[in-house]
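The next block holds one structure in the form of structure tokens; read it before the comments.
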Amino acid sequence: MNQKQRNPWIVIGVLVFSALVATFNETILNVALRIISQDMKISMANVQWLITGYMLVTSVMVPVTAFLYQSIPTKKLFLGAMMIILIGTVGCLLAPSFPVLLLFRMIQAIGTGMMIPIMMNTVLIVVPKTQIGTAMALCVCGITLGPAFGPTISGILVQFFYWKSVFVLLLILLVIGIICGAVFVDDVAPLSKPHLDIFSVILSTAGLATFLYGISIVMSQLTTGLICLVAGIIILAIFVIRQGHLKEPLLNFKPFSNMKFTLGVAMVFIAMLINFSLNVVMPSFLQGAFGVASMASALLLLPGVLLNAASTNISGKILDKHGVNLMLPAGFAVFSAALLILSRCNENSSLIFIVVIHIIIYQGLAFSMSPAQTSALATLTPDLNSHGVAIVNTFMQIAASVGSSLFGGIESVRQATALANGKTQAAAIAYGFSGTILAAFLMGIIGIILAFTFAKKSN
């Protein structure tokens with residue numbers, strides 16, 4: 001069927017569902033790590049690589065997908081990414097040992113790293129410009145809801161069934177996505193078939209992997225972490241310089257010459273950093289300071305995520321009709337103010353009050369992250385779309401890694417200090433949490449400044 005005859009919203013629905021499934025896979029093992037450690041007789045430090053390694057591979061695939069999107073027909077690329085996740089999932093389900101499980105987990109990550117850029121690039125092509133805000137909001141919902149649902153649903157499965165049951169559910173969802181994709185996704189991307197510079201692939205892979213690995217260990221292994229960070233930055237600098245000298249770069253950094261795009265990427269980075277970090281520190285705070293069970297803590301935080309998804313769609317409609325000049329500063333201001341209030345909470349605070357503040361934070365994020373991303377990409381010409389999407393998604397992955405490591409480190413240091421000063425375990429956890437949220441508030445203030453600057457340049 002010709003793309004002009006295809007209802008773009010059906011295509012978007014398939015893409016968003018598939019991206020939701022792919023990102024759902026990111027967090028399905030979070031609640032099962034200790035069980036896997038005991039079952040496979042592996043240390044928790046090694047089991048953690050099921051999460052850390054997944055994030056590394058996902059990140060390095062994003063810039064490569066910018067090349068693939070211009071080289072392989074859209075339908076084949078989409079189905080290929082989904083099949084890679086499917087193969088990885090079957091391998092994880094049948095894995096007899098931890099090394100095999102880790103290997104197939106990394107194969108899953110390859111497909112996930114491809115899926116999100118495929119979705120966003122295709123949406124930019126098939127959706128009318130007047131509805132791009134609504135469409136991109138749906139994309140953000142898929143990216144946000146997937147990781148949020150992962151621990152909740154897998155927590156229920158792990159509680160009542162064997163931990164590998166999470167992969168059975170994932171297989172069913174993947175098969176549905178593949179069938180829908182085969183029927184509804186068309187070849188929409190113009191293929192320029194650029195030359196693949198292998199050295200650029202090596203540089204981007206090595207640079208991102210080294211940098212993100214450094215982030216993941218810098219708080220626990222300071223010297224090694226700093227060495228990896230510096231090495232990663234140097235390699236990435238060489239990668240960026242090389243792209244400027246290639247006729248057909250793997251990743252074109254020309255979008256950064258557009259100040260509005262740069263501001264938009266910076267705002268997305270801050271919003272995503274806070275979003276992912278809250279996913280890490282909120283459950284540990286509720287469990288440690290209030291004694292809430294792990295599944296119950298996930299359920300307490302679920303309303304904030306669900307309402308965030310609903311408001312993200314509203315923000316997309318507002319963007320299409322009225323722009324972002326007022327919405328962006330307001331969104332950053334709302335979640336920053338709520339973060340400041342949350343930073344004052346401790347083990348004696350009302351649990352209901354904390355849940356309400358969490359909802360307000362995620363309402364603010366709904367009116368900041370998706371509009372910032374959409375506005376940044378809207379400033380680009382069509383020939384730079386795939387590169388702009390790759391840049392945005394790479395910074396989102398880096399934000400997730402930086403936030404988890406930075407905030408987790410602040411939390412650990414403050415907890416240790418509180419315990420050394422004789423505070424109870426619950427009080428120490430609350431003290432660590434307070435410092436972490438205060439750091440997030442300071443990041444939010446930077447976001448407000450960037451939002452006002454972006455609005456000023458839009459006038």
Looking at (1) part of a loop (DSSP other than H, G, I, E, B); (2) in contact (Cβ under 8 Å) with a residue 40 or more places away in the chain, which one does TYR162 not meet, given that it meets all the others?
(2)
Filter region 294-346 down to the residues that are out of contact with any Leu (no Cβ under 6 Å at 6 or more places or on another chain) and either in the same structural domain as GLY150 (by TED's automatic domain parsing) or outside any helix (DSSP H, G or I) (or both) and list them by number.
GLY323, VAL324, ASN325, LEU326, ARG344, CYS345, ASN346
Return a yes/no flag: does region 145-164 have any residue that is aromatic (Phe, Trp, Tyr), out of contact with any Phe, Trp or Tyr (no Cβ under 6 Å at 6 or more places or on another chain), modelled with pLDDT of 85 or more and buried (at least 17 other Cβ atoms within 10 Å of the Cβ).
no
Filter region 321-338 down to the residues that are hydrophobic (A, V, I, L, M, F, W, C), crowded, with 20+ Cβ neighbours inside 10 Å and more than 30 Å from GLY432 (Cβ to Cβ), then identify the one that is modelled with the lowest pLDDT.
VAL324
Within region 385-395, does at least one residue satisfy the condition of being over 26 Å from ILE233 (Cα atoms), buried (at least 19 other Cβ atoms within 10 Å of the Cβ), under 18 Å from the mean Cα position of the chain (by Cα) and outside the structural domain of LEU222 (by TED's automatic domain parsing)?
no
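Name the single residue that is nearest to THR122 (Cα to Cα) among those in region 369-384 being over 19 Å from the mean Cα position of the chain (by Cα) and assigned to a helix (DSSP H, G or I). Lay out the reasoning, then the answer.
Taking region 369-384 first, the residues over 19 Å from the mean Cα position of the chain (by Cα) are 378-384.
Okay, now just the ones that are also assigned to a helix (DSSP H, G or I), so 378, 382-384.
Values: ALA378: 14, PRO382: 11, ASP383: 13, LEU384: 13 Å.
Filtering first and then ranking leaves PRO382.
Can you confirm whether region 10-19 contains a residue that is within 30 Å of ILE217 (Cβ to Cβ), part of a helix (DSSP H, G or I) and not assigned by TED's automatic domain parsing to the domain that holds ASP383?
yes
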Filter region 93-120 down to residues that are farther than 18 Å from VAL60 by Cβ and assigned to a helix (DSSP H, G or I), then give me how many there are.
7
Among the residues in region 191-211, are any free of Cβ contacts under 8 Å to residues at least 12 places away in the same chain and either aliphatic (A, V, I, L, M) or within 30 Å of PRO329 (Cα to Cα) (or both)?
yes
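Determine which member of the set ILE341, ILE318, ILE270 is buried (at least 23 other Cβ atoms within 10 Å of the Cβ) and of a type in the set (Val, Ile, Thr).
Numbers: ILE341 fails: buried (at least 23 other Cβ atoms within 10 Å of the Cβ); ILE318 fails: buried (at least 23 other Cβ atoms within 10 Å of the Cβ).
Within the list ILE341, ILE318, ILE270, the selection yields ILE270.
The values are calculated or read from the model by the stated rules, or taken from the named source; none is laboratory data. Just so we're clear, the structure is a prediction, and the values are computed from it rather than from any experiment. Because the Cβ atoms are built from the backbone with ideal geometry, glycine has one as well, and the counts that use them run over all protein chains shown.
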